[in-house]
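Here is the structure we will look at, set down as structure tokens.
The values are calculated or read from the model by the stated rules, or taken from the named source; none is laboratory data. Owing to the predicted nature of the structure, the values given are computational and were not obtained by experimental measurement. Reconstructed Cβ throughout: ideal geometry from the backbone, glycine too, with neighbour counts over all protein chains shown.
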Amino acid sequence: MKKVLVTGGCGFIGSAFIRKAIASQRLELRNLDKLTYAATLESTAVAASDPRYMLQQVDIMDQSAVATSIEAFRPDCIVHFAAESHVDRSIDQPSTFILTNVLGSFALAEAALRYWDKLDPSAKRDFRLVHVSTDEVFGSLTPDAPQFDEDSRYSPNSPYAASKAGADHIMRAWQRTYGLPVIVTNLSNNYGPFQFPEKLIPVVIAAALEGRPIPIYGDGRQVRDWLHVEDSVAGLMTVAKQGIPGRTYLFSGAAETANLDLVRRLCELMDKHCPGSPHRPHERLITMVADRPAHDRRYGVNAGCTTAALGWRPQVSLDDGLERTVRWYLEHQDWWQALRRRYDGRRLGLGQA
């Protein structure tokens, strides 16, 4: 693997992939990104001046533009991150998610297939398209249910999850029907630096810093499996090199935690790192608010098959990851404060007409 085309590389996980690839891999990278509200050039600034890296502003739904970029760059691997990703926003704007996540993935699969079909036999054998998806496609687990695995039934409950499920099915169908060497990956909840400030962890950090109410949906007992973004991209790089087309690989942080408990841990870290804050103890800012429609109760991922096949396992514990994430957001307030011109912090996803 020498040339990797990344879609959505100015987003959260995609930019982490690019930063790691530039720092540790001998790769040429081309980044196709529409540069929507959630994309930031700062997240890939370390790569911007590197001659191995190129950014092209391309809409993933523009199959012609995508095909032109692929043909010009001639990658031996494509890693597909491009997606709308915020569940609350999907409730308010479902059409955007269907268009980008479903039709965009279709456009990419078609463009990749046309390119792959013309490669010589050796290059065809080595080519990979790694599709990055979520555990949310599997729906909601009861508290005592086994974790999701590669054989779990798809049962998406939000427009976001449904759109990602559709993308997964397209990728799998193009592999089975046309032979396109696709690998599907399903990741648990990612967190870490450069995550757009509408997501839970940066929302909590910003609210605590400013003394605003920290919103908790419903009773706060919804459980999520938290995975540091550095572990995610390490796993995806391993899949790109060693994964078998047609296989699904699940990635987990092995850190199932209720939302309320996670927020309390974040408040403790804010107490620690902001000893002069007039809002300490920050836990007193926690405010219960109306739940999200169709809010999944629990996600839990069994990554045992991925570990057995690839040797991958998470390296960043939740305690260490949260500590590092809080410090990063405190040290990079200019970055997320500037993004408030795109997102003002108001509640999304109430399901109201």
(message) Can you name every one of the strands (runs of 3 or more DSSP E) wholly within the stretch 208-302 that holds 1 or more residues which are of a type in the set (Gly, Ala, Ser)?
(response) 256-258
(message) Would you confirm whether or not the stretch 337-350 contains a residue that is in contact with a helix residue (DSSP H, G or I) (Cβ under 8 Å, 6 or more places away or on another chain), outside any helix (DSSP H, G or I), farther than 23 Å from residue 188 by Cα and charged (D, E, K, R)?
(response) yes
(message) Pull out all pairs, ordered by first then second residue, where Cβ-Cβ is under 7 Å, the residues are six or more apart or on different chains, the first lies in the stretch 319-341 and is under 15 Å from residue 41 (Cα atoms), and the second is of a type in the set (A, V, I, L, M) and surrounded by fewer than 19 Cβ atoms within 10 Å (Cβ to Cβ).
(response) 336/206
(message) Just to be sure before I move on: is residue 312 in contact with a helix residue (DSSP H, G or I) (Cβ under 8 Å, 6 or more places away or on another chain), of a type in the set (Phe, Trp, Tyr) and either assigned to a loop (DSSP other than H, G, I, E, B) or crowded, with 16+ Cβ neighbours inside 10 Å (or both) in the structure I sent?
(response) yes
(message) Can you report the number of residues in the stretch 118-137 which are without any contact (Cβ under 8 Å) to a residue 60 or more places away in the chain, touching a helix residue (DSSP H, G or I) at 6+ places or on another chain (Cβ under 8 Å) and in a helix (DSSP H, G or I)?
(response) 2
(request) Would you mind listing the helices (runs of 4 or more DSSP H) fully within the stretch 1-87 where at least 3 residues are closer than 24 Å to residue 334 by Cα and touching a helix residue (DSSP H, G or I) at 6+ places or on another chain (Cβ under 8 Å)? (result) 12-24, 45-48
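Yes/no per residue for (1) within 22 Å of residue 89 (Cα to Cα); (2) in contact (Cβ under 8 Å) with a residue 24 or more places away in the chain:
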| position | (1), (2) |
| --- | --- |
| 26 | no, yes |
| 29 | no, yes |
| 35 | yes, yes |
| 42 | no, yes |
| 48 | no, no |
| 51 | no, no |
| 54 | no, yes |
| 60 | yes, yes |
| 64 | no, no |
(request) Name every residue in the stretch 16-36 that is crowded, with 24+ Cβ neighbours inside 10 Å and either at pLDDT below 95 or over 15 Å from residue 237 (Cβ atoms) (or both), in order of residue number. (result) 31, 32, 33
